[in-house]
Amino acid sequence: MAEPALVRVAGLPAALPAALGTPDLTERMRHLIRAEAAYRVSAALVAERIGEELVPNLPRDQRRRALDVRRRLHRGEFVQPGELDFRPLGRIVEWGDALTAETAALHEAVRDTEAMQNELAWDLISRDPGAARMLAATAPDLVEDIQARLAAGEPWTSKRMRKRADYLMRLLFRSAMKTTPRGWLAHVALARTGPGPLTVGDHAVHRLTNIQEDRRTLTAAPVLPDAWLSLTPLRWIENDRLFWHVADHDGPDAVRRGDIRRTPVVDALCRVLGSRAMRTRDVETLLAPEARHKPVLREFLRHLAQLGLVQVSSAPAGRLHRWRITAGTEPGRGFTDVYRRAHGGVAVPDRLPELITQAGRLAAVLAGRSPHPAVDLVGPEPRPVAEIVAQALASDEPPRPAMPASAWPEPRPRTVYQRLCEWMARHADDREIDLGPAVLDYLGAPPAKPSPWPADCLLRPLPEGRAVLEAVIPAGVSDARFATALQSLHGEVPQVTAHRAFLTETAARCGAELVEILVPPQGSQGANTVRRPRYTRSWTGDADPATYVDDPAGMRRYLPLDEITLRRDARGVIAEDRAGRVLWPVYHATRRPPPPWDLVVSLLTAASPSRRLAMPRSFGDPRSAFPGRDRTPRLLLDDDLVIAPATVFAGRDLLPEPGGDRFGRVRALANLRLATGAPRWVFARHGHLSRPVDLDSVATLRVFDRMLADPAVPGLVLEEMLPAPEDLSVSDMDGGRRAAQVLVRLPFETSPSRVAEQVTAAWQQITTRRARRAPETTAIGG
């Protein structure tokens, strides 16, 4: 049965950055490197023969010359014709002459390529309508600047034009090799699983104003506008002062702190805005009934908004341009998401649910999840969330959660994980390692246990129905930002409808109230990632729901953070309102919350079954499991699912030296594949930084230069690109192959009611088991 799937597809075909490649040049360079190595071997053999056959029979006056030639041959140097009369030397001389000629030819080829490379990126973009549209929408000022410089006769070899060409190359690779949706660089399509191929066609464009910029504009206005006013949600009272924390993405420590003395006016304002957002005019009517007081009050509110205590907001303005093949190129103001009409199905592994269950076994072997350190501050007595947050932030070192691991941990003695590492070490020279059920059983991994909470699987499709598993995350997060536009374009979005029904029924079965956490937008770049469907009727955090959902009228009950209490008993962390009703906080925004909201979200979701029943996993970089080795093999769960592509570590001694001479850098780039065995297409990584690169393209030199700019970087991890451009299974209407990710919801073919029943049973089993163990154990955290 076909299942709904969200496809994230690259904005441009992979053939465009491939056209920037210089495989002929790098292959010639590798042929030269191999020929030079072979020459050195042959030259050393001839040198030995000179020492054994010629030198003993030469007169003393000729012996010195023969020994000099012998030493040079041992060093792999070239010799000139006529230097020594020895027949075997003739072939070596000819070989050296040929290598010298090829080296000179390659020097010239490198110079020609450098001159052509800068212009090629512009030509590729100019000749391709999709690429030209992407550039015009992404960097319209750059287009005008390049056109003006070319018209003035400025060559591509000038420093300013080289910088612009460098940016064009980065855009080409980003929009063709990465699929994270962002404007015209990568798009979104609603499709179904099933036999392929999948083809993407018409465009639709959704433009929405930048939420954070809207708020900044309203706050900075010379006169406070008639907008929505609310109090910043993260605030608390100590004695006669009101304190607050505001996330400040552009500040030095990402948090702006403030406090003000409590006065009758401040207390009245807190009573009016403490539990809701109101229009400016309504706040004035309540706090300043007389007209003569309104200007003073409005200026005071404007002052508090600039301090961060009062938030000024408005619903974002948006426009959806429906399907059309030639979408406009104008960038518009704010955020742009591009949608594609999908035709056909996208193939995923037939046994995906079973394979994901096995992936859960492996994830349990690697490491368990630990709660945020601030959860330890929750005790048996109910305390308002704002009070716990204030205590955590007041410490000398505010607790920070561990970031999601991108690398496997170091092996721990006497654990199943250590046995796994030892077993993999015995197979480290294999091209692939299959960590299937039999291996996990042999190693003593926990038994298979499907996650009761629905999950989204992020896959990269491979040929023949295989896939690369990138992540398993709780359902309803990765697709949240796109739900509104998809519903306008396609009608009902099955994933959204099913998830809302599941949440509602599960909470009803367990007698809990769902509460969505609305974290204020952080910074300008990712501000609109806070958008999501309305999954609940209650919310906490930001008091203005219109910023976040298109159906704010459906949000009926607002719970300020100081009205939610947390306590701990044998069942774990429990969230309640003032009346003692159990709350289940949930968080559906796409982006991780920044400080200090990461602390707030971690505290609240510690009381939610989604935190304890969902099993997110991502297998990242397994190099720590192969200590002392530069190479790691490809890791599989059965033949159909890759959990970690093969990698190789290239130290600085193998990488092109930033700032070195051009020929030597191209030679080092060409040698990289010889020295490491890496394929042509890889992701170059250092820490959390990852860049798609073509190891047969001189354009990669600039990418490496930027990644190695910090002298402390010891080298780069080269991870095989799966699928490679020639194996991509999603294409456009012109046949151009495109990189893609597929988001599919598990479990398959299960009604929301059935999933709710399973989650309810699992939740009751956990809470009952913990309650029975309470007298024998210490309290258990979320």
*asked:* Looking for something assigned to a helix (DSSP H, G or I), modelled with pLDDT of 90 or more and β-branched (Val, Ile, Thr) - is there at least one such residue anywhere in region 212-219?
replied: yes
*asked:* Need the failing condition index for His499 against (1) of a type outside the set (Lys, Arg); (2) surrounded by fewer than 16 Cβ atoms within 10 Å (Cβ to Cβ); (3) assigned to a helix (DSSP H, G or I), just the number.
replied: (2)
*Within region 76-91, how many residues are closer than 18 Å to Val55 by Cα and either surrounded by 15 or more Cβ atoms within 10 Å (Cβ to Cβ) or in contact with a helix residue (DSSP H, G or I) (Cβ under 6 Å, 6 or more places away or on another chain) (or both)?*
6
_Matching residues in region 100-136 - criterion: being more than 30 Å from Arg324 (Cβ to Cβ) and within 37 Å of the chain's Cα centre (by Cα)_ = Val110, Arg111, Asp112, Thr113, Glu114, Ala115, Met116, Gln117, Asn118, Glu119, Leu120
*So which residues in region 136-155 are of a type in the set (A, V, I, L, M, F, W, C) and within 15 Å of Leu168 (Cβ to Cβ), if there are any at all?*
Ala136, Ala137, Ala139, Leu142, Val143, Ile146, Leu150
*If a residue has to be touching a residue at least 24 places away in the same chain (Cβ under 8 Å), of a type outside the set (A, V, I, L, M) and outside any loop (DSSP other than H, G, I, E, B) to count, how many in region 703-762 make the cut?*
18
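Looking at Ala471, Ala438, Ala428, Ala445 in this structure, which one is in a helix (DSSP H, G or I) and small (Gly, Ala, Ser)?
Details: Ala471 fails: in a helix (DSSP H, G or I); Ala428 fails: in a helix (DSSP H, G or I); Ala445 fails: in a helix (DSSP H, G or I).
Testing whether each residue is in a helix (DSSP H, G or I) and small (Gly, Ala, Ser) leaves just Ala438.
Could you check region 558-599 and list, in sequence order, the residues that are among the aliphatic types (A, V, I, L, M) and closer than 18 Å to Thr529 by Cα? Please lay out each step first, then the result.
Applying the first criterion (among the aliphatic types (A, V, I, L, M)) to region 558-599 yields 559, 561, 564, 566, 570, 573-575, 579, 582-583, 586, 589, 599.
Once the filter is applied, which keeps residues that are among the aliphatic types (A, V, I, L, M) and closer than 18 Å to Thr529 by Cα, region 558-599 yields Val586, Ala589.
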*Output the residue which, of all residues in region 519-546 that are within 22 Å of the chain's Cα centre (by Cα) and among the hydrophobic types (A, V, I, L, M, F, W, C), is surrounded by the fewest Cβ atoms within 10 Å (Cβ to Cβ).*
Val519
*Would you mention how many residues in region 445-487 are closer than 25 Å to Tyr417 by Cα and out of contact with any strand residue (DSSP E or B) (no Cβ under 7 Å at 6 or more places or on another chain)?*
8
*Would you check if there is a residue in region 548-568 being touching a Ser or Thr at 6+ places or on another chain (Cβ under 9 Å), over 30 Å from Asn210 (Cα atoms) and not in a loop (DSSP other than H, G, I, E, B)?*
yes
_Out of Arg40, Arg65, I need the residue that is farther than 30 Å from Arg737 by Cα, touching a residue at least 24 places away in the same chain (Cβ under 8 Å), assigned to a helix (DSSP H, G or I) and out of contact with any helix residue (DSSP H, G or I) (no Cβ under 6 Å at 6 or more places or on another chain). Which one?_
Arg40
*Could you check, for region 127-150, whether at least one of its residues is within 30 Å of Tyr39 (Cα to Cα), part of a helix (DSSP H, G or I), touching a residue at least 60 places away in the same chain (Cβ under 8 Å) and of a type in the set (Lys, Arg)?*
no
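What number of residues within region 121-142 are in contact with a helix residue (DSSP H, G or I) (Cβ under 9 Å, 6 or more places away or on another chain), aliphatic (A, V, I, L, M), surrounded by 19 or more Cβ atoms within 10 Å (Cβ to Cβ) and more than 19 Å from Met733 (Cβ to Cβ)?
Result for region 121-142: 4.
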*Look at Thr484 and say whether it is polar (S, T, N, Q), within 28 Å of Thr605 (Cβ to Cβ), at pLDDT 90 or above and surrounded by fewer than 16 Cβ atoms within 10 Å (Cβ to Cβ).*
no
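The values are calculated or read from the model by the stated rules, or taken from the named source; none is laboratory data. As the structure is a computational prediction, the values presented were derived from the model and not from experiment. Please note: Cβ atoms are built from the backbone with ideal geometry, for glycine as well, and neighbour counts cover all protein chains shown.
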